[in-house]
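The next block holds one structure in the form of structure tokens; read it before the comments.
The values are calculated or read from the model by the stated rules, or taken from the named source; none is laboratory data. No experiment lies behind these values; they were computed from the predicted model shown. Virtual Cβ from ideal backbone geometry, glycine too; neighbours counted across all protein chains shown. Side chains are part of the model used for accessible areas, which takes the heavy atoms of the whole protein and leaves out ligands, DNA and RNA. Shrake-Rupley method; radii C 1.70, N 1.55, O 1.52, S 1.80 Å.
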Amino acid sequence: MATLIGTMILAIGLPAWAGITYVGLVRARRGDELPQPRLPRPGRSPARTAAWVAGLAYLAGGAVHVYGLSYLPFLFPDDACYFGVGIKDYPDSSSALPVSLVCHGIEVVPWWVNPGLLVLAVTAVGATVTSVVLRLRRHR
């Protein structure tokens, strides 16, 4: 019975006492006043939103380009065709921009890589120009 009571004291009483002590220390450090309410932040300006869109488009475009470049032959060109088409031979042609790898007349790079790069590049440049124009207009 004494072991059960001791266990209950350790399991319930000790954490409760530690929590009460911690709360008391926190209140003593900052005072007993209520926390100050957070004021609403002003919304994002259109220039900042356009800058965020541009940054995300640049990041996504870089990721898509690195993904497309992963198909290109670097050290072992015959392995690029082997993993892409299944034929252990050297590629007919390859290019980094537009991303292309042709093995025995078959394009290995997925069809969506180059249109995706184009859309992300146009979005990134357009959003960058928009951000700069909106920022300059705001200062006048």
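Here is how the numbers come out for the structure above:
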quantity: Residue that is modelled with the highest pLDDT, among those in the stretch 60-77 that are outside any helix (DSSP H, G or I) and out of contact with any strand residue (DSSP E or B) (no Cβ under 7 Å at 6 or more places or on another chain); calculated: SER70
quantity: The listed residue being at pLDDT below 90 and in a helix (DSSP H, G or I), out of ALA57, ALA80; calculated: ALA80
quantity: Test: residue in the stretch 54-77 that is touching a Ser or Thr at 6+ places or on another chain (Cβ under 7 Å), closer than 30 Å to ARG44 by Cβ and surrounded by 12 or more Cβ atoms within 10 Å (Cβ to Cβ); calculated: yes
quantity: Every residue from the stretch 83-96 that is assigned to a strand (DSSP E or B) and under 30 Å from the mean Cα position of the chain (by Cα); calculated: SER94, SER95, ALA96
quantity: Subset of the stretch 97-125 [of a type in the set (Gly, Ala, Ser), within 27 Å of the chain's Cα centre (by Cα) and open to solvent by 30 Å² or more (accessible area, probe 1.4 Å)]; calculated: ALA121
quantity: Pairs with Cβ under 9 Å, 6+ apart, first in the stretch 39-62 and free of Cβ contacts under 8 Å to residues at least 40 places away in the same chain, second open to solvent by 100 Å² or more (accessible area, probe 1.4 Å) and part of a helix (DSSP H, G or I); calculated: ARG44/TRP52
